1. Find the relative contact order for the chain and round it to a whole percent, using C-alpha pairs within less than 8 Å whose residues are 6+ positions apart.
2. For log10 I(q)/I(0) by the Debye sum over Cα atoms at q = 0.12, 0.22 Å⁻¹, the choices are [x] -0.40, -1.25; [y] -0.68, -1.17; [z] -0.35, -1.34; which was calculated from the structure?
3. Near residue 80, which aspartates and glutamates are there with a Cα under 12 Å away, not counting those fewer than 8 places off in the same chain?
4. If you count, for each residue, the other Cβ atoms within 10 Å and average over each peptide, how do 88-95, 56-63, 11-18 line up from highest to lowest?
5. Check cross-link reach from residue 115 to the lysines: straight Cα distance under 30 Å, and skip same-chain residues fewer than eight apart.
6. Modelled label-to-label distance, residue 114 and residue 58, 7 Å Cα→beta-carbon offset: nm?
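Since every read-out is calculated from the coordinates, none of them should be taken as a lab result. Everything quoted here is computed from the prediction, not taken from an experiment. Here the Cβ positions follow ideal geometry from the backbone for every residue, glycine too, while neighbour counts run over all protein chains shown.
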Amino acid sequence: MNDKFDVNSWLKIYRDAFAPAQRAQAEGIKAFERLARHQYAVAGDYLEFSLHATKVAFAAKPGDDITAVQRELGAELGNKLQKRAEELAAIATEVQTSLTSALTEAAETVTATTKKKVA
């Protein structure tokens, strides 16, 4: 009865088993952060538009053509939002690629470990 419980080997097995899940979780957190920063930037664009539109409305004098200025501000906002939509599509593509590679790696690790144990 000289069998001892080897804590180090148990911890290594635990780390190896959960490393793919930990990597996928880290990728998910990075993706969430990027999405949150993007949404914050979009909210800033809307706030900036609102402030400019309010300034124009309060600074208008009788006879001024407010609609032309508001149309220009709206076109500017539309251009910004189009760029933000393109950024969002790029973020989504990068995140999908990153998570797919992490999950593929996790599946390959599990498959390789299972094949070693079966053989």
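1. Reported as a whole number, the value is 43 percent.
2. Matching the structure shown: [y].
3. Here the aspartates and glutamates satisfying the reach criterion relative to residue 80 are 45, 48.
4. In decreasing order of mean packing, 88-95, 56-63, 11-18 become 88-95, 11-18, 56-63.
5. 4, 12
6. In this crude spin-label approximation the distance works out to 6.5 nm.
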